[in-house]
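Okay, so here's the structure we're looking at.
Read the figures in this text as sums done on the coordinates, not as results from a lab. For clarity, every value in this text was computed on a predicted model and none was experimentally measured. Reconstructed Cβ throughout: ideal geometry from the backbone, glycine too, with neighbour counts over all protein chains shown.
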Amino acid sequence: MPSNAAERERQVNVQLGKLLEELYVALGLQVLRRAATGGSTTTVVDTGLINRKGDGFYSQGSNGGHIMFISQSTDRAAPEGQFGEISNFTLSTSTPTFTVPAMTAAAAALDIYAVMKPSIQLYEMIGRVNAGLRRLPAMELVDLTLTGLQDTRVYNLPFAVGAYELLGIEIGNDTDGWKDAPGFSITPNAGSTQDKLVFVSQPPYNSTTAANETFKIRYLAKHPTLSIYSDYVEKSVADELALAVCAEAAYEHLMIKRPAWFNDKTRLGVLSFIQTKKADAMLANPIRIKPADRQQRINLSEL
């Protein structure tokens with residue numbers, strides 16, 4: 001069991017909230033990073049903030065509001081990693097206050113917050129994150145939604161699995177172990193109809209505890225979509241690689257929004273730098289999958 005937050009962080013990959021924050025910073029869009037002096041589940045207060053822009057400066061407008069991130073909480077728990085567009089900002093009172101979407105815990109004194117310029121609006125940037133992650137090679141994922149059924153050799157293949165290359169199927173559970181499934185084939189169906197997974201013989205089943213005979217379906221797929229702050233990047237993707245591919249997708253988006261940048265040598269130089277960083281990250285952090293040539297175990301019942 002990890003003994004502290006730092007050890008836990010080394011065992012899991014970056015969450016969407018932290019990836020978004022680092023992406024805004026990498027693109028030079030951070031405008032504030034300070035320690036709060038208090039707050040609530042819908043506000044962040046900073047009594048030491050000096051800003052000559054006045055009330056409403058960071059609030060939502062025609063181009064969207066500045067984006068608030070709770071970068072680090074004092075106890076490394078919620079609301080760390082949570083984010084949202086700033087809906088109101090008051091400076092004229094004695095307590096400069098940002099109003100934000102409801103968080104799962106209150107902002108507290110000494111929590112570190114960051115404010116980002118909405119050159120790319122929040123949901124645009126989430127879209128760029130997912131577009132960037134889809135540029136990665138296919139990675140190994142696992143589906144555990146099916147279990148064996150009595151007198152059943154044909155199953156609906158989960159939609160996510162049906163869209164990609166299937167690597168193999170094992171049946172069992174983590175307590176008793178896993179064994180290779182009987183021989184099988186896939187019967188494709190058109191449109192929105194699920195493909196069929198057809199076994200040559202009855203797969204194992206447990207009429208009392210179905211989960212004891214779970215199908216572990218390994219398949220190659222593009223990165224799953226991230227949508228909420230706590231969604232994790234897949235463990236086979238290094239944090240450095242995730243940031244690099246997302247930065248490329250986001251900066252390209254900025255250039256498309258500002259066509260004059262394509263005639264700006266400095267902007268093109270920045271794009272080239274980002275693309276080089278991405279290429280280096282892909283070389284240094286290959287996507288991990290199981291060896292394709294692992295020895296197949298023999299099911300004696302099929303001999």
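Extending 7 Å from Cα along the Cβ direction at SER201 and again at ASN173 yields two label points whose distance is 2.3 nm. The charge dipole of the stretch 30-118, taken about its Cα centre with unit charges on the Cβ of Lys, Arg, Asp and Glu (plus for the first two, minus for the last two), comes to roughly 280 debye. In this simple spin-label model, placing a label point 7 Å from the Cα along the Cα-to-Cβ direction at both THR41 and ASP55 gives a separation of 2.7 nm.
Scaled to the globular estimate 2.2 N^0.38 Å, the Cα spread of the chain, given as radius of gyration, is 1.26.
Calculate, for LEU149 and TYR123, the FRET efficiency according to 1/(1 + (r/R0)^6) with r their C-beta to C-beta distance and R0 41 Å; round to the nearest 0.05.
Working: r = 41 Å, r/R0 = 1.01.
E between LEU149 and TYR123, to the nearest 0.05, is 0.50.
Note on ASP280/VAL25: beta-carbon distance plugged into 1/(1 + (r/R0)^6) with R0 of 22 Å gives a FRET efficiency of 0.70. With 10 Å bins beginning at zero, the pair-distance distribution over Cα atoms of the stretch 100-229 amounts to 11, 29, 24, 17, 14, 6, 0 %.
Highest mean packing first, where packing is the average number of other Cβ atoms within 10 Å per residue, the peptides 207-216, 71-80 line up as 71-80, 207-216.
Extension gain, SER94-PHE159: 0.36 nm per intervening residue step, less the Cα-Cα distance, totals 17.9 nm. Separation of the stretch 116-131 from the stretch 170-236 is 33 Å, based on Cα centroids. Positive-end ranking of GLY65, ALA109, GLN15 along the dipole of the chain, with charges on Cβ about the Cα centre, is headed by GLY65. Computed from the C-beta positions of ARG135 and ALA211, the FRET efficiency with R₀ = 30 Å rounds to 0.25. The slack between GLN72 and ALA106, meaning 0.36 nm per residue of separation minus the straight C-alpha distance, is 11.0 nm. Once both labels are positioned 7 Å from their Cα atoms along Cα-to-Cβ, the gap between SER230 and THR187 label points is 4.1 nm. Considering helices alone, the calculated mean residue ellipticity of the chain at 222 nm is -7500 deg cm²/dmol, with DSSP H runs of length four and up weighted by -39500 (n - 2.57) and normalised per residue.
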